[in-house]
Amino acid sequence: MCGIVGYIGNKQALPIILNGLKRLEYRGYDSSGVATYNGSTIVSCKSKGKINKLEKSIAKRKNLNGKLGIGHTRWATHGVPNDINAHPQFSNSNNLCLVHNGIIENYSSIKESLIKKGYEFHSETDTEVLVNLIEFVKEKENVKLGEAVQIALQKVVGAYAIAVIDNNKPDEIVVAKLGSPLCIGVGKEEHFIGSDATPFLEFTKKVIYLEDGELAVIRNHKSTIFRKTKDDTTFSPVINNLELSLDKIEKQGFDHYMLKEIYEQPKAIRDTLRGRIIAEKGVIKLSGLDDYIDKFLSAKKITIIACGTSWHSALVAEYMFEKIAKIPVEVEYASEFRYREPVIGKEDIVLAISQSGETADTLAAIKLAKEKGAFIYGICNVVGSSIARESDTGSYTHAGPEIGVASTKAFTTQMTVLYLMAVKLSKSKGIISEQIYRKYILEISRIDKKIHKILASNDIIKKVAKKIKGSKNCLYLGRGYNFPIALEGALKLKEISYIHAEGYPAAEMKHGPIALIDKNMPTIVIATNKINYDKIVSNIQEIKSRKGQIIAIVSKGDKEVKKIADYTIEVPDSIESITPFITVIPLQLLSYHIAVMLGKNVDQPRNLAKSVTVE
Ligand code: AGP
């Protein structure tokens, strides 16, 4: 997820763009850049790091003036964060300059065809390919920038929000959108561009939200033409009057980043799957795994190292890899692994899971494993992060920046990558048939719709939260795939509401924890119908017989648990290995609502940091 900003009008563009980029820093902050037309040519300045680094670079320049400009703050998807990969990206002639938020899935094939036509590339980005494709079309078809963008985008597969300017026509900005947000601020003889309206809120409340497949040619002091990318139909857009506050817009209308990120999970999973599965053809493409498939197929064991929520996704992976791919897995807390003199060597594969890619214990643990000869596969959310760079290869989750300290969309996108790995390895080992393989792929391709259904029951979950928000302790129980989810649910509750909570395998109750049960101890039981259902029902009865309060997560249509639980939250039915994607959602919402009701700082809970870079 990146942020784009643009300006065309009667003011100096640079200060407006810089301020706008700061407003969008929450969308991505590993590098940034600006470009303005200074009266004779387009000039730019780019910098790795946050916007304040860019400001320092700009302060050394004198020529970044002008009343037309674009800017970008990056969350890398292709190419590590550095000055060359930062946007804006220029075409070979240096005449076209473009900023982009999204992922061009077929950029490699387009790049190859442009290289054959003599184009050269300096960055690793899909964006540089796009701006050169537009230039190629503009020259070949001898058309204006707007038409060239329209023709070029019809050759592109993926998601984009772009703003493009032309050295030879410095009185217009062309913008287009598909799958990533983009809006236009309409001022008096000036126009603003933004990934959301925060960059120009103080200048105008009149906003046009471009829809997917729409393009606009914004001309200085003249009319703006709006067109459908697919054909030549023009249209008059709706101009909205903005009511939201700055804070609300940054959170896209949600009260907290955590809630926004819970609701972003369907999109985050889609983005993580993008370009990696072709459901109708039964194809999984994971370049990091594909390049080393033989190493994985011959592995005697996979060791997964992580911390916190990432350690919970590692536990889910243990079930996935062993049940689906029949590969032995060992899950380790990084903080323990690094000090216990592990017996590990060159035959071993280590998966390192980390949202931030900077967790000190995880980084130290994989360095130790690497010293001992192990092969390291990183699963991170931050491109170019330390753990990603320390790994021999890996797969990024494309969850976008996760601002809330309590990890949500990072967790479900980690499970998405791990699921694809387990299914791909199982097929490669000949364990599952083509038909079962396609079924697994189809199921993950539909998970976003199931999560949407659970998000729709938010009000029911909020009512349950109200019933138990006064508790001092909570128990979370689950079996099989739902055991790591019980742990994750307990971690979510304790880290944002400060209520003590513990997760257990449900069968463990009789080995001690059941002594805790009384009418003041709510137990959240994940009782979906595919995982030891009868056993978990008897666990519920054991608790009920000791006056314990039961909140049960059940599969849609469940009747038996509904008769005995105090409260039930229904989730869609699914195959066993998809269950954890579904059962974690109500637990995320439950902890969120309890913490809000208790007046806690949900996005920045006490004593916690988003990334634990200290030991
Ligand atoms: C989870 O909600 C916490 N924020 C924390 O446990 C986190 O998962 C842990 O610190 C690991 O972080 P990482 O994924 O960035 O390595």
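Worth a mention:
- Hey, Val283 surrounded by fewer than 20 Cβ atoms within 10 Å (Cβ to Cβ) and either modelled with pLDDT of 95 or more or touching a helix residue (DSSP H, G or I) at 6+ places or on another chain (Cβ under 8 Å) (or both) or not: yes
- Put simply, of Thr272, Thr234, Thr229 the only residue that is in contact with a Phe, Trp or Tyr (Cβ under 7 Å, 6 or more places away or on another chain), more than 26 Å from Gln12 (Cβ to Cβ) and not hydrophobic (A, V, I, L, M, F, W, C) is Thr234.
- Of all the listed residues (Asn101, Asn65), the sole one being closer than 18 Å to Ala35 by Cβ, in a loop (DSSP other than H, G, I, E, B) and touching a Gly at 6+ places or on another chain (Cβ under 9 Å) is Asn65.
- Flag if Ile278 is modelled with pLDDT of 95 or more, over 25 Å from Gln588 (Cβ atoms) and either among the small types (Gly, Ala, Ser) or away from the ligand (no atom under 16 Å from the Cβ) (or both): no
- Residue within region 192-200 that is over 26 Å from Tyr37 (Cα atoms) and not in a strand (DSSP E or B) present: no
- Across region 364-395, the number of residues qualifying as under 24 Å from Ala268 (Cβ atoms), buried (at least 24 other Cβ atoms within 10 Å of the Cβ) and of a type in the set (A, V, I, L, M) comes to 3.
- For Ile540, the conditions (1) surrounded by 15 or more Cβ atoms within 10 Å (Cβ to Cβ); (2) modelled with pLDDT under 95 are fulfilled apart from (2).
- Near pairs, Cβ below 6 angstrom, 6+ apart or cross-chain, from region 433-445 (more than 23 Å from Pro266 (Cβ to Cβ)) to any residue that is assigned to a helix (DSSP H, G or I): Tyr437/Lys427
- Residues of region 468-507 that are hydroxyl-bearing (Ser, Thr, Tyr), crowded, with 23+ Cβ neighbours inside 10 Å and either farther than 19 Å from Val554 by Cβ or without any contact (Cβ under 8 Å) to a residue 40 or more places away in the chain (or both): Ser497 alone.
So that you can scan it fast, the table gives a plain yes or no per residue for (1) touching a Ser or Thr at 6+ places or on another chain (Cβ under 6 Å); (2) surrounded by fewer than 20 Cβ atoms within 10 Å (Cβ to Cβ); (3) without any contact (Cβ under 8 Å) to a residue 12 or more places away in the chain; (4) charged (D, E, K, R):
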{"residue": "Gly146", "(1), (2), (3), (4)": "no, no, no, no"}
{"residue": "Ile151", "(1), (2), (3), (4)": "no, yes, no, no"}
{"residue": "Ile162", "(1), (2), (3), (4)": "no, no, no, no"}
{"residue": "Glu172", "(1), (2), (3), (4)": "no, no, no, yes"}
{"residue": "Val175", "(1), (2), (3), (4)": "no, no, no, no"}
{"residue": "His191", "(1), (2), (3), (4)": "no, no, no, no"}
{"residue": "Glu211", "(1), (2), (3), (4)": "no, yes, no, yes"}
{"residue": "Lys230", "(1), (2), (3), (4)": "no, yes, no, yes"}
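- Within the option set Lys56, Lys48, Lys111, being over 30 Å from Leu286 (Cβ atoms) and either without any contact (Cβ under 8 Å) to a residue 60 or more places away in the chain or in contact with a Gly (Cβ under 7 Å, 6 or more places away or on another chain) (or both) holds for one residue only, Lys56.
- Just one of the numbered conditions (1) within 21 Å of the chain's Cα centre (by Cα); (2) surrounded by 22 or more Cβ atoms within 10 Å (Cβ to Cβ) is not true of Lys424: (1).
Here's the yes/no breakdown for (1) of a type in the set (Lys, Arg); (2) within 11 Å of the ligand (Cβ to nearest atom):
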site	(1), (2)
Arg340	yes, no
Glu358	no, yes
Glu371	no, no
Ser426	no, no
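- Residue satisfying all of: in region 57-94; among the hydroxyl-bearing types (Ser, Thr, Tyr) and modelled with pLDDT of 90 or more; surrounded by the fewest Cβ atoms within 10 Å (Cβ to Cβ) among these: Ser93
- Filtered by the rule that a residue be under 18 Å from Gly394 (Cα atoms) and more than 15 Å from the ligand (Cβ to nearest atom), region 342-356 gives Lys346, Glu347, Asp348, Ile349.
- Qualifying residue in region 359-366 (condition: over 26 Å from Ile403 (Cβ atoms), among the small types (Gly, Ala, Ser) and at pLDDT below 95): no
- Matching residues in region 375-390 - criterion: being modelled with pLDDT of 85 or more, farther than 24 Å from Lys300 by Cα and away from the ligand (no atom under 13 Å from the Cβ): Arg389
- Considering region 508-615, the qualifying helices (runs of 4 or more DSSP H), each wholly inside and each with 2 or more residues that are closer than 17 Å to Leu475 by Cβ, within 22 Å of the chain's Cα centre (by Cα) and touching a residue at least 40 places away in the same chain (Cβ under 8 Å), run over 579-597.
- Selection count, region 306-321, where residues are free of Cβ contacts under 8 Å to residues at least 60 places away in the same chain and near the ligand (Cβ under 7 Å from one of its atoms): 1
- Per-region count, region 77-119, residues polar (S, T, N, Q) and under 15 Å from Cys2 (Cα atoms): 5
- Selection over region 1-44 of residues that are assigned to a helix (DSSP H, G or I) and either hydrophobic (A, V, I, L, M, F, W, C) or closer than 16 Å to Ile403 by Cβ (or both) gives a count of 11.
- Tally, over region 569-595, of residues that are farther than 16 Å from Glu443 by Cβ, away from the ligand (no atom under 16 Å from the Cβ) and crowded, with 20+ Cβ neighbours inside 10 Å: 3
- Qualifying residue in region 562-572 (condition: acidic (Asp, Glu) and modelled with pLDDT under 95): no
The values are calculated or read from the model by the stated rules, or taken from the named source; none is laboratory data. Bear in mind that the values here come from a model prediction, so they are computed numbers and not experimental data. Cβ sites come from the backbone with ideal geometry, for glycine too, and all protein chains shown count toward neighbours.
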